[in-house]
Amino acid sequence: MSSPQYTSSPPASNPLEGRRRSKFTFKHLNQLSTYSTTTPLRTIAHVDLDAFYAQCEMVRLGVARDQPLAVQQWGALIAINYPSRKFGLTRHITAAEAKKLCPNIVCQHVATWREGDDTWAYHDDAFKNMGTHKVSLDPYRRESKKILATIKESLPPPPLQRVEKAGIDEVFIDMSAQIHSILLERYPELARLPPYDDLTENLPWPSQSTINWEADALVDLEAEELESDDPDWDDICLSIGAEIIRHVRKGVWDALHYTCSGGVARNKMLAKLGSGFNKPNKQTVIRTRAIQKFLNDFKFTKIRNLGGKLGDEIVAAFGTDLVKELCDVPVEQLQKLGDDTGVWLYNTLRGIDSSEVNSRTQVKSMLSAKSFRPSINTFEQGVRWLRIFAADIFSRCVEEGVLENKRKPKTITLHHRQGGTTKSKQALIPQGGLISEELIFDLAKSLLAQIVVDGRAWPCSNLSLSAGGFEDTITGNMGIKGFLVTGGQRPTKEVVDSSEASDSEEEPPTAKRQKIDVDDGIRRFFAHPSEAATSTHNENQATQARFPTETDVLDGIYICKKCSKPILQSDAGEHEDWHFAKNLENELRQEPRPAPVHQVESHAKEKVKEKTKTKRTAGQGHQSTEKVEKGQQRLRFGNG
Ligand code: CTP
Ligand code: CA
Ligand code: CA
């Protein structure tokens, strides 16, 4: 027998030859395990608590699930539970208006720090005392931590787990690696090597013949399209993702009695749209093949950042408010809105978003702030607020384990706003001894004294104190400390966003709050960043657009160059998104104007897409509502 002769064609035949193959490749499958943002099998979830602050109060007060309840901050309502939404109540109406519409409603005021107290509490008279009380969101932050811990416990440990806290009541979960491991367990055909070790080979067709979507609201194809549409691996990934999220949500309910909603889709933007699509206490899966159909049914003016003036301008420019119709417009034409705006809009309309889910761990800094209307005018007044800030920050340090010397801040920074100028002064915390509230207070006072000595300090419209330079501790387990994150909330909720991380309340919550005067120019904060222990931001000093660099940041907090507000660095992206969206609006409003700096726009563009959230209103997207099926749905698989 002669030894085998190798010819140009390989000796073994391709075992998948002639069989029906998936449109996805072994490479796509492998990429799941590394959280690649380019694999079409990528599976992302967004989980968002229903009427979060309101649910916190319901659980704390032990009221019945069907009791209408709202959370009040000063005169306005900032969270409305679902039973009260039936009465037509919406966020930001006054407590008085709410009681007219729903006499049975419980309006619970948020907890506050009262001047002179060393802890926050629920004060019955808080709403009358805006001048001497400061909002505390600690109760919600605490619940948020518990919820995060529960969510993380219901997932396998890293590296199969990747969770990003995206706000006080929401997370993104990249389920790709977990799903990869589940796929290999459940589908032995996937565990085999690809023919000829060629990763570009298509995967075999899935061996199982049904997908059970269970109770998920499924955004699916039209009935006639479904006839010829057999579920492929992307659908299997989504259905496993839906299983995971059902389990996560059940875990939160069982452990803590909070309901939340979920979205499962191939990217963050769509997952977030999904979680808001069918609230409360439901989850929505957006089949990859149905993405365009899903988006088509939205009015784009309902998509976040496309409401308001920008949306109006687009309607005026293209004569439609429908995603579907705007999709017919070539990108070159959309670019008459501005090059970047056009590209951003083009992608957004198509559900394109490759932004990553970033797992974040521990807090690096904390901020306590108060805006004054009217402004304050004396050192004594300032000191009274510093007392509260010190107590607030100290109590949060205690939660971080400062008393056990687990974690400790290195610096205390005071931000002071007077007229158009924000000044920051920083002090080092002596290392060695234990940190105390008194120490924080003393440092803060001396920083304020320095600002007063330096020059014009009054009238002062905003003061904030931050503690920074917390070092990460090494945590092998996924204990609660691992979840102490200060993720940003929606960039449009400027006030509440910073509150989440910082309890800065700015002013009573009204719809007007969101209409912040955005200065289009991009500013630099530090004159000499590298040596800045004292920093002044002059609003008349325009320079380059960019994200804060290391040198702009004092312990994880920087002063936004556009609005002069102190922002946690971890929230920089979201905060910039908000400005980006405002700039888009301005771009349209003020044409002709100089082109925005590209670098920031393109980054923000990505982020804005990722944060875009929309809720479909009743009566809108009529066609698709009939297609959003609840209850069990079985999909036919092909015969292969
Ligand atoms: N929040 C706020 N002011 C805003 C937006 C949000 O104070 N402009 C607070 C709310 O009190 C809310 C929490 O942040 O409970 C989370 O906000 P969001 O998820 O947007 O709304 P929910 O109240 O949770 O309602 P939904 O069920 O629609 O998510
Ligand atoms: Ca929510
Ligand atoms: Ca939310």
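Look at the dipole of the range 238-371 built from charges on Cβ: of 261, 298, 251, the Cα furthest out on the positive end belongs to 251.
So how much slack lies between residue 96 and residue 381, counting 0.36 nm per residue of separation and subtracting their Cα-Cα distance, in nm?
Numbers: separation 285, 0.36 × 285 = 102.60 nm, distance 3.15 nm.
The residue 96-residue 381 span can extend by a further 99.4 nm.
Sorting the segments 142-149, 397-404 by their residues' average number of neighbouring beta-carbon atoms within 10 angstrom, most packed first, yields 142-149, 397-404. Note on the range 250-369: dipole from Cβ charges, positive end direction compared against 308, 346, 288; the farthest Cα belongs to 288.
Rounded to the nearest whole Hz, the Karplus-based 3J(HN,Hα) values (6.51 cos²θ - 1.76 cosθ + 1.60, θ = phi - 60°) of the range 242-258 follow the sequence 5, 4, 4, 6, 4, 5, 4, 5, 5, x, 5, 5, 4, 7, 10, 6, 10, with x at glycine and proline.
In what sequence, highest mean first, do 44-51, 116-123, 26-33, 70-77 appear when ranked by Cβ atoms within 10 angstrom? Walk me through the numbers before you get to the answer.
Working: 44-51: 25.2, 116-123: 14.5, 26-33: 19.9, 70-77: 22.9.
So the order, starting with the most tightly packed, is 44-51, 70-77, 26-33, 116-123.
Across the range 72-183, the convex hull enclosing all Cα atoms gives 140 Å³ per residue. Volume per residue of the convex hull around the Cα atoms, evaluated for the range 268-374, comes out as 200 Å³. For a paramagnetic label modelled on residue 405 (point 7 Å from Cα along Cα→Cβ), amide N atoms under 16 Å away belong, within the range 429-448, to 430-436. Given their separation in residues at 0.36 nm each and the Cα-Cα distance between them, residue 192 and residue 449 gain 85.5 nm when the chain is fully extended. Shown is the FRET efficiency for residue 438 and residue 333, computed with R0 = 60 Å from the Cβ-Cβ distance and rounded to the nearest 0.05: 0.40.
Can you figure out the FRET efficiency of residue 354 with residue 121, using R₀ = 51 Å and their beta-carbon distance, to the nearest 0.05? Numbers along the way, then the final one.
Details: r = 46 Å, r/R0 = 0.90.
Calculated value: 0.65.
In order along the range 53-64, phi translates into HN-Hα couplings of 4, 5, 5, 4, 5, 4, 5, 4, 8, x, 7, 5 Hz, rounded to whole numbers, per the Karplus curve 6.51 cos²θ - 1.76 cosθ + 1.60 with θ = phi - 60° and x for Gly and Pro.
Here's how it looks for residue 203: its modeled amide H is under 5 Å from those of 22, 24, 25, 26, which are all 5 or more places away or on a different chain.
Give me the number: length gained by fully extending residue 64 to residue 247, i.e. 0.36 nm times residue separation minus the C-alpha to C-alpha distance, one decimal in nm. Don't skip to the end; give the middle numbers.
On the way: separation 183, 0.36 × 183 = 65.88 nm, distance 2.43 nm.
Value of the extension gain: 63.5 nm.
Bear in mind that the values in this text are calculations on the coordinates, not laboratory data. Only a predicted model underlies this, so the values are computations on that prediction, with no experimental measurement involved. Positions of Cβ are backbone-derived with ideal geometry, glycine not excepted, and every protein chain shown enters the neighbour counts.
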